[in-house]
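Only one structure is covered here, and it is reproduced in the block below.
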Amino acid sequence: MDAVSRILIADDEPNITDLLVAALQFEGFATQVAKNGAEALLAARAGGHDLAILDVMLPDISGIDVCSRLRDEGIRMPVLFLTALDAIEDKVAGLGVGGDDYITKPFSLDELLARIRAVLRRTQGEATTAQLRFADLVLDEASHEVFRAGRPVELTATEFSLLHFLMSNARRVLSKDQILDAVWGYGFDGDKNIVETYVSYLRKKIDVVEPTLIQTVRGVGYTLRLRSS
């Protein structure tokens, strides 16, 4: 990344925010800290951030609710959740409101930095003028827009990257490991079920009309193809 990426950190634990600010600034990032959800909303609405790190358990408004409100307002800034909750439903809830990734406390700084860089790569890729097309599905790389049957489809950065990989390899069956490497980056050591979660999100947005395009090949992986092909 040539330009300095600016990261918003929302957490009410000073020991966490002090550690993150020191580590991120050492790695060349610019940072801003919010102590609660209300401050995080104000900072995000002001703009200028490339990514937000939101603690799920903020004292006033949960990080999940902060993300949901931002998405409702059309703010597409990528979000990485910090959570001390181990229940998969809590992680899925965060991703379901438009989050791009999560990391569970306690975490290693190396893992957090790897997740941040992976999300930024998905968000700050070089602009091109290419369009990918399959059936009535169109993905425009330059404008970061997706259309199905002529209607716009709103996707998060991670959903867009996943769809891009599927469309770039249309009719090929892709394993979970291949998808993880391409979308989440080599060395991802989180829960591989994140692939199933995001495929489910994508289906709910893409396959709302016939024919369905995202197919599961049991025991192998996923593919983008017409069911009869």
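Some points to look at:
- Arg227 versus Asp18: modelled label distance in nm, points set 7 Å from Cα along the beta carbon direction: 5.9 nm
- 0 to 90° range, to nearest 10: angle between helix 14-26 axis and the chain longest Cα axis: 70 degrees
- Put simply, the amide H of Glu145, placed in the peptide plane, has neighbours under 5 Å in Asp140, leaving out anything fewer than 5 places away on its chain.
- Mean separation of Cα contacts under 8 Å, 6 or more apart, over the residue count of the chain: relative contact order %: 12 percent
- Inter-label distance for Glu27 and Thr216, nm, one decimal - labels placed 7 Å from Cα along Cα-to-Cβ: 3.4 nm
- 0 to 90° range, to nearest 10: angle between helix 63-72 axis and the chain longest Cα axis: 50 degrees
- With q set to 0.09 Å⁻¹, the log10 of I(q)/I(0) for the chain, from the Debye formula over equal scatterers at the Cα positions, is -0.37.
- Burial order of peptide ranges 70-78, 209-217 (average beta-carbon count within 10 Å, highest first): 70-78, 209-217
- The chain, accessible area per residue, ligands and nucleic acids excluded (1.4 Å, Å²): 49 Å²
- Here the extension length gained between His144 and Phe107 equals 10.2 nm, from 0.36 nm per residue of separation less the Cα-Cα distance.
- Added length on full extension, which subtracts the Cα-Cα distance from 0.36 nm per residue, Asn36 to Lys192: 53.1 nm
- Net dipole in debye of the chain [+1 Lys, Arg Cβ; -1 Asp, Glu Cβ; about Cα centre; nearest 20]: 1100 debye
- Three-way shape label, the range 12-84, alpha-carbon gyration tensor, a/c 1.5: oblate
- Spatially proximal lysines relative to Lys35 (Cα-Cα < 20 Å; intrachain offsets below 8 disregarded): Lys105
The values are calculated or read from the model by the stated rules, or taken from the named source; none is laboratory data. On a predicted model such as this, the values are computed, not experimentally measured, just so you know. Note that we place each Cβ from the backbone using ideal geometry, even for glycine, and neighbour counts take in every protein chain shown. Side chains are part of the model used for accessible areas, which takes the heavy atoms of the whole protein and leaves out ligands, DNA and RNA. Shrake-Rupley method; radii C 1.70, N 1.55, O 1.52, S 1.80 Å.
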